[in-house]
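Step one of this worksheet: look at the structure below.
The values are calculated or read from the model by the stated rules, or taken from the named source; none is laboratory data. Not measured: the values here are computed from a predicted model. For neighbour counting, all protein chains shown are included, and Cβ atoms are generated from backbone atoms with ideal geometry for every residue, glycine included. Ligands, DNA and RNA are excluded from the accessible area calculation, which covers all protein heavy atoms including side chains. Shrake-Rupley method; radii C 1.70, N 1.55, O 1.52, S 1.80 Å.
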Amino acid sequence: MSHQRKINEKSTTIDNLKILWDYLARYDDLKSSDVIIGFGSNDTSVAERAAELYKAGIAPLIIFTGGLGKGTDGKWQITEAETFREIAINLGVPADRILVENKSTNTGENIQFTRKLLRDHHVHIRLATLVHRPYMGRRIFAAVRQQWPELNVQVTAKQCSLESYIKRLLGAGFDEYEIYSDIVGDFQRIDVFARNGLQIPQPIPNEAIDAYNKLCAMGYTKYVISP
């Protein structure tokens, strides 16, 4: 493959990823809430954003949820939730203002085990601020609304561009193919998980479906699942 062809293919890939990224992101206007829930992943900006929100007075308590999942199992020595807890403490959040759920390995377990943790600590909440990776905003909103319908939620993430997100994860040692495939897989789950009853249904624009199909044709299918 010629150098120019490689450049053109790279540009096409990023253009299609941007379409998925923009669709999947969700940034709500935030108001005071009862708790900040930071969902586990390989993206430590979740912990940074949760700490920022706590220090801004958005909520008096943080819960970090996540064991070791597809992006961290075999790569991190301690669980996602415990890693995030250490980051938040280093950023000035008091340790006694953080609860940790470190057994879950997927979004459904994040939700289920967090509910149990709150019950065990006799913490009653009505509004939660959900923090995740930028391209998980739409998915986490849809999952919590379906699986925890009595809870009101607002969703946010660290503001960043697709390019800066990719650069940051590459700098942390993650593989480019893995990063792209993860975004593609999470987009597919908007439709598949809604049909399986795990998320509320959401409209999907044709432009995003077209971008997804092009990325699959390019081979970014590692995390695409059977419908």
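A few notes on this one:
- Pairwise Cα distances in segment 30-135 exceed 25 Å for 10 percent of all pairs.
- At R0 = 30 Å, FRET efficiency that the Cβ-Cβ distance of Ser11 and Gln77 yields, to 0.05: 0.20
- Counting 0.36 nm for each residue step from Asn152 to Arg195 and taking away their Cα separation leaves a gain of 13.2 nm.
- Listed by chain and number, the lysines whose alpha-carbon sits under 16 Å from that of Lys222, ignoring those within fewer than 8 places in the same chain, are Lys70, Lys214.
- Contour minus Cα-Cα distance for Arg97 and Gln202 (0.36 nm per residue): 34.4 nm
- Theoretical gain in end-to-end length, Ser32 to Arg115 [0.36 nm per residue, Cα-Cα removed]: 27.9 nm
- Gyration tensor verdict on segment 79-227 (Cα atoms; rounded if a/c is under 1.5, prolate if a/b is larger than b/c, oblate otherwise): oblate
- Nitroxide proxy distance, nm - points 7 Å out along Cα→Cβ at Ile89 and Arg168: 2.3
- What segment 1-151 shows is 47 Å² of accessible area per residue, with the surface traced by a 1.4 Å probe over protein heavy atoms.
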